[in-house]
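So the structure is just underneath, and the comments pick up after that.
The values are calculated or read from the model by the stated rules, or taken from the named source; none is laboratory data. The structure presented is a predicted model; accordingly, all values stated were derived computationally and were not measured. Glycine also receives a Cβ, built like all others from the backbone with ideal geometry; neighbour counts cover every protein chain displayed.
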Amino acid sequence: MSARVGAILMAALLSLYIALVGWRAVQFLATGEPVAIAMGLALIVLPFIAAWALWREITFGVRSQALVRRLDAEGGLDLGLPVLPSGRPERAAADAAFDGFRAAAEAAPESWRAWLRLGLAYDAAGDRRRARAAVRRAITLERSERSER
């Protein structure tokens, strides 16, 4: 199963969960019982938080994939790392090459391309939290570059 199909499946399941929790909240509110109303009010908050989080993740995925496709079209996607048969970069090679990607991002702090490559290097090294932060920075920089045109 591809990552895109998995993400779509998980988004659909989360959407179903959001709808069911929202419906249960409405049922609690309709009972008229003070405790049930309190539970219903608490449950109403959860679908909004879940919907916001789902929207944020989908938006991140769409924007990051668009940047990866753009960088690939420009010929700048190749990180120069050996890859496994699955297509993922070798972690040891990513760890060894990581300092070069960080130095490139520090040398060009306004370059979304450098930050995207750094995010991909973080991801290859297994540091998902920093990878997402670097890719978010790349998205922000690219959006501001686009708005300046």
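Check whether at least one residue in the range 91-103 is at positive phi and at pLDDT below 90, and report yes or no. Quick ask: steps written out before the conclusion?
Filtering the range 91-103 down to residues at positive phi leaves none.
No - not one qualifying residue is present in the range 91-103.
What do you reckon, is Ala73 touching a helix residue (DSSP H, G or I) at 6+ places or on another chain (Cβ under 9 Å) and outside the structural domain of Arg143 (by TED's automatic domain parsing)? When the stated conditions are applied, Ala73 does not pass them. Can you tell me which residues in the range 56-85 are at pLDDT below 90, among the hydrophobic types (A, V, I, L, M, F, W, C) and more than 17 Å from Ala124 (Cα to Cα)? The one that is at pLDDT below 90, among the hydrophobic types (A, V, I, L, M, F, W, C) and more than 17 Å from Ala124 (Cα to Cα): Ile58. Note on the range 123-149: residues that are part of a helix (DSSP H, G or I), among the basic types (Lys, Arg) and over 20 Å from the mean Cα position of the chain (by Cα) amount to 1.
When you scan the range 89-112, do you find a residue that is surrounded by 20 or more Cβ atoms within 10 Å (Cβ to Cβ) and in contact (Cβ under 8 Å) with a residue 40 or more places away in the chain, even just one? Within the range 89-112, one or more residues are surrounded by 20 or more Cβ atoms within 10 Å (Cβ to Cβ) and in contact (Cβ under 8 Å) with a residue 40 or more places away in the chain. The residues of the range 19-60 that are surrounded by 14 or more Cβ atoms within 10 Å (Cβ to Cβ), within 25 Å of Arg132 (Cα to Cα) and of a type in the set (A, V, I, L, M, F, W, C), listed by number, are Leu46, Ala50, Ala51, Leu54, Phe60. Closer than 21 Å to Ser2 by Cα, touching a residue at least 12 places away in the same chain (Cβ under 8 Å) and part of a helix (DSSP H, G or I): does that describe Leu120? The answer is yes for Leu120.
For Ala96, are the conditions met, namely being closer than 23 Å to Arg128 by Cβ and not assigned by TED's automatic domain parsing to the domain that holds Ala12? So Ala96 passes the test.
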